[in-house]
1. Just to be sure I understand, how many residues within segment 397-436 are on the phi > 0 side of the Ramachandran plot and basic (Lys, Arg)?
2. Taking segment 777-788, which residues are in contact with a helix residue (DSSP H, G or I) (Cβ under 7 Å, 6 or more places away or on another chain) and either assigned to a helix (DSSP H, G or I) or crowded, with 19+ Cβ neighbours inside 10 Å (or both)?
3. Criterion first (more than 17 Å from Thr441 (Cα to Cα) and crowded, with 22+ Cβ neighbours inside 10 Å) does Glu377 satisfy it?
4. Suppose we filter Lys212, Lys247 for residues that are at pLDDT 85 or above and over 18 Å from Glu137 (Cα atoms); which single one remains?
5. For segment 353-388, enumerate the residues that are part of a strand (DSSP E or B) and under 14 Å from Ala404 (Cβ atoms).
6. Which numbered condition trips up Phe264, out of (1) of a type in the set (A, V, I, L, M, F, W, C); (2) more than 43 Å from the chain's Cα centre (by Cα); (3) open to solvent by 80 Å² or more (accessible area, probe 1.4 Å); (4) modelled with pLDDT of 75 or more?
7. Counting only residues that are outside any helix (DSSP H, G or I) and in contact with a helix residue (DSSP H, G or I) (Cβ under 9 Å, 6 or more places away or on another chain), how many does segment 581-614 have?
8. Suppose we filter segment 615-642 for residues that are in a helix (DSSP H, G or I) and of a type outside the set (S, T, N, Q); how many remain?
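The values are calculated or read from the model by the stated rules, or taken from the named source; none is laboratory data. The structure presented is a predicted model; accordingly, all values stated were derived computationally and were not measured. With ideal geometry, Cβ positions are generated from the backbone for all residues, glycine too; neighbour counts draw on all protein chains shown. The protein model used for the area step is the full one, side chains on, heavy atoms only, and it has no ligands, DNA or RNA in it. Shrake-Rupley method; radii C 1.70, N 1.55, O 1.52, S 1.80 Å.
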Amino acid sequence: MKNFQSKSIDEVISYYKTSESGLSSKRAEQLLEKNGKNKLVETKRKNWFMRFLDQMKDVMIIVLLIASLVSGILAVIEKKYIDLVDSGIILLIVIINAIIGLIQENKANNAMEALKNMNKPYAKVLRDGEIIKIKSEDIVVGDIVVLEAGDIVPADIRLIDSASLKIEESALTGESVPSEKNHNVILSDTTPLGDRKNMVYSSGVVAYGRGKGVVVAVGMDTEVGKIATMLNESKENQTPLQGQLAKTAKLLSILVLGIALVIFVASIVKNGLTTESISNSFMTAVAIAVAAIPEGLPAVVTIVLAIGVKRMSEKKAIVKNLPAVETLGCCQVICSDKTGTLTINKMTVKQLFTISQGLFYKSESSHNSDCERTLIEGLVLCNDTVENSDDTLVGDPTETALVAYAKLIGTNIKILNKEAPRLYEIPFDSKRKLMTTLNSTRGKNISYTKGAVDVILNRCTHIMHENEIRPITEDDILVIKQANKQMADSALRVLGLAIKTSNLTNKANLEEGLTFVGIVGMIDPPRKEVKAAVATCNKAGMRAIMITGDHLDTAVAIAKEIGIYKKDSLAITGAELDKLSDKEFHKNLHRYSVFARVSPENKVRIVQAFKSFNMIVAMTGDGVNDAPSIKIADVGVGMGITGTDVSKGAADMVLADDNFATIVAAVEEGRKVYSNIQKAVKYLLSANIAEVLCLFISTIFLLAPGQEFLSAVMILWINLVTDSFPALALGCEKADKDIMDYPPRKSGSSLFAGNTGKDIIIQGLMQTILTMLSYCIGHYVMGNHEIGVTMAFITLALIQLFHSYNTKSNHSLFSRNPLDNKLLNIAFLVGIIFILIPTLIPFIAGFFGAVPLTLTQWIIAVGCSIAIIPMVEIQKIIENKKVKRK
């Protein structure tokens with residue numbers, strides 16, 4: 001049986017072969033054995049070793065492992081066993097990357113543990129006609145569960161009895177106000193989850209009243225269980241950066257094999273087919289392969305991302321998944337939950353109305369009339385809110401909002417309740433839509449009735465006008481209805497208040513012959529900072545979308561106020577969305593700004609729809625119902641304060657301050673991280689191109705048989721030591737001031753988009769020319785091959801240190817302080833030291849194949865390396881002129 005909201009109580013009881021006195025203990029045991037425990041099942045995870053190996057599947061990691069193996073073989077063949085250190089360094093980089101990935105994966109996959117612990121350990125059920133307390137996990141379908149205020153609903157239940165029952169379901173439905181329940185109603189099969197008044201769901205909390213019902217679903221069959229299933233089934237998405245690095249790694253792999261093969265064959269053709277020739281040709285091919293692989297790139301990317309994570313944490317954005325930092329930078333759509341994310345998740349009084357004052361709002365202590373004072377007092381006295389000793393308010397959110405407003409304008413709640421004790425009450429119920437209390441106010445008995453405005457008006461014969469009471473007129477009723485409509489059109493939750501001062505002995509007539517006092521309008525208002533944050537999103541070329549379980553009118557009103565809903569925008573409910581085909585939905589997707597009364601499945605469909613257009617989507621939320629869509633989004637954003645453990649567990653990033661504006665700061669940091677990674681890639685790959693071209697040119701055109709240009713150990717030293725520190729320092733560059741003034745890059749855009757690819761090639765050629773110039777001067781003008789190689793080694797290493805300053809910006813190095821990056825300055829000095837060690841210390845120089853140089857030779861080698869700065873400056877001037885012309 002499905003759609004229990006559309007079935008009668010008798011049908012449900014009959015289907016589960018139970019009764020209003022509950023199951024027998026024997027029958028319950030049989031069902032427990034047949035259907036299993038009322039708990040969530042977690043999918044079987046791989047062990048830590050298999051997950052560790054999964055980290056090695058990345059193409060760049062495979063390339064690095066090959067580099068480690070090749071450099072190790074090289075060391076053994078050349079019998080330079082100390083060179084095995086270089087192989088070890090590469091292997092260590094791979095292992096560190098794998099460990100970091102494994103840690104992040106463990107942190108990101110704890111959503112199921114949170115879901116499993118959501119159910120309350122114990123629940124009250126009827127067994128053998130008696131109420132007993134059992135573990136929630138022992139509840140079975142057909143059990144009759146007894147619910148009271150404060151209880152957590154242990155399973156999905158069809159109500160068979162209810163009295164003023166209200167359930168807090170915001171974690172599941174997204175609605176900020178507790179849902180009123182009524183066991184007698186029978187609804188349609190298509191009724192949205194948030195409107196099923198005869199059903200209560202696992203993880204809900206009883207906010208008011210009491211109830212009793214038959215369990216219709218347990219464990220993974222509950223609505224929370226369905227969400228758990230969706231979390232298990234959702235697949236991890238590859239981030240844009242991971243995609244680009246994968247493409248780069250594949251390209252490098254092909255280039256490495258191709259270039260190495262060409263060099264190997266060319267070298268054999270040049271030197272003849274001998275054993276020594278084959279060995280030397282193989283060594284040269286290996287050196288070129290090592291030169292082409294940017295061994296430090298994965299480590300640099302990981303550490304730059306980690307730096308971004310640290311900076312985000314300082315801005316209250318806690319990132320659990322490193323690549324999510326960069327993904328935020330190209331975010332195009334932010335799908336945000338309303339309740340608790342865009343709003344404060346607290347009902348607040350926004351407007352009041354009396355016939356004498358019209359619509360008004362006050363934030364200070366002053367009463368212009370008896371009418372206004374009576375309105376405030378009535379809203380406090382006809383109210384079940386409890387004020388704790390620490391001044392916190394406990395109760396129904398609507399009622400606590402009324403008391404909070406009274407306190408705001410100076411009303412002493414405790415004194416008022418003491419001076420006007422409650423003598424009698426008629427509790428609220430959904431049929432009457434009224435609540436009435438009889439109080440002894442200042443020695444005089446007065447009854448206060450609050451509820452739906454139209455219901456109260458039908459029971460009023462008089463109206464309080466300023467300081468007097470007079471008969472109510474048709475004109476009065478018209479004005480009141482207009483005020484009520486005006487508030488309702490603004491999506492305010494409206495309540496009316498009336499009093500009765502005579503004929504109070506007959507309790508059955510307390511709600512007849514009333515005197516109208518006024519009305520009050522409340523709403524869960526938007527956070528103060530949200531409007532500015534949405535404006536920044538618009539400026540940065542991102543769309544903010546509201547997805548909520550709340551009512552459409554309320555959602556649209558909030559969306560208009562904060563700038564999400566505009567003139568050409570559309571709003572749609574989950575029920576309407578279910579009727580649309582994907583083609584119809586996608587046709588107007590660009591216009592939909594508000595989605596209301598949505599189910600978890602609707603949220604997932606919305607996120608997937610945007611992703612189908614190759615858009616990078618961020619999903620924010622705080623409830624259980626947000627978890628599946630948070631997990632399938634490119635970036636899932638949870639709320640740290642109001643968010644459930646489930647939503648935080650599924651998220652890639654958690655906002656410690658629940659501040660929507662923090663997302664904007666995170667996006668800015670994400671753009672900055674990507675920009676800095678792009679700088680590091682440009683820097684590293686231009687250096688690798690120079691190394692490969694130098695080896696290629698020298699091997700084919702310049703070297704005599706048996707000669708070696710740059711040894712593999714020299715290349716590894718430059719790649720792993722001299723290159724890596726400046727690349728890391730570039731990851732700490734400050735963001736450009738206009739980084740949030742342009743649209744996000746497209747998810748499919750290349751890491752080499754813009755001038756990046758062209759700059760890598762041109763600047764790689766520049767470094768090649770300068771390095772080969774240094775070698776030729778050393779070899780042919782000032783000495784011999786060994787001197788030339790040592791000068792080329794110094795030039796190639798230093799040129800990359802100087803070039804790191806060129807990559808700080810696409811603008812001139814001198815357009816701002818070139819030394820403003822302290823880490824880069826330190827990296828430069830450390831790099832100098834690491835170059836001097838293998839060239840000046842004889843014992844170490846022998847392992848590198850370096851020889852001593854004269855002062856003149858040093859000056860030439862250093863001069864060639866410094867020349868990269870003016871050469872790149874000229875290139876920037878030419879490129880920037882072309883951009884200005886366009």
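1. In the first step, residues of segment 397-436 are kept if they are on the phi > 0 side of the Ramachandran plot; the result is 410, 433.
Restricting the remaining residues to those that are basic (Lys, Arg) gives 433.
Number of matching residues: 1.
2. The initial filter retains those residues of segment 777-788 that are in contact with a helix residue (DSSP H, G or I) (Cβ under 7 Å, 6 or more places away or on another chain), namely 777-779, 782, 785, 787-788.
Listed by number, the residues that qualify are Ile777, Gly778, His779, His785, Ile787, Gly788.
3. Values: more than 17 Å from Thr441 (Cα to Cα): no; crowded, with 22+ Cβ neighbours inside 10 Å: yes.
No: the conditions fail for Glu377.
4. Working: Lys247 fails: at pLDDT 85 or above.
Testing whether each residue is at pLDDT 85 or above and over 18 Å from Glu137 (Cα atoms) leaves just Lys212.
5. Within segment 353-388, the subset part of a strand (DSSP E or B) is 353-354, 358-360, 386-387.
The answer is Val386, Glu387.
6. Result: Phe264 fails condition (3) only.
7. Step one: of segment 581-614, the residues outside any helix (DSSP H, G or I) are 581, 588-599, 613-614.
So of that shortlist, the ones also in contact with a helix residue (DSSP H, G or I) (Cβ under 9 Å, 6 or more places away or on another chain) come out as 589, 592-599, 613.
Count: 10.
8. Quick first cut of segment 615-642, residues in a helix (DSSP H, G or I) only: 624-632.
If we keep only those that are of a type outside the set (S, T, N, Q) too, we end up with 624, 626-628, 630-632.
Looking only at that region, the number is 7.
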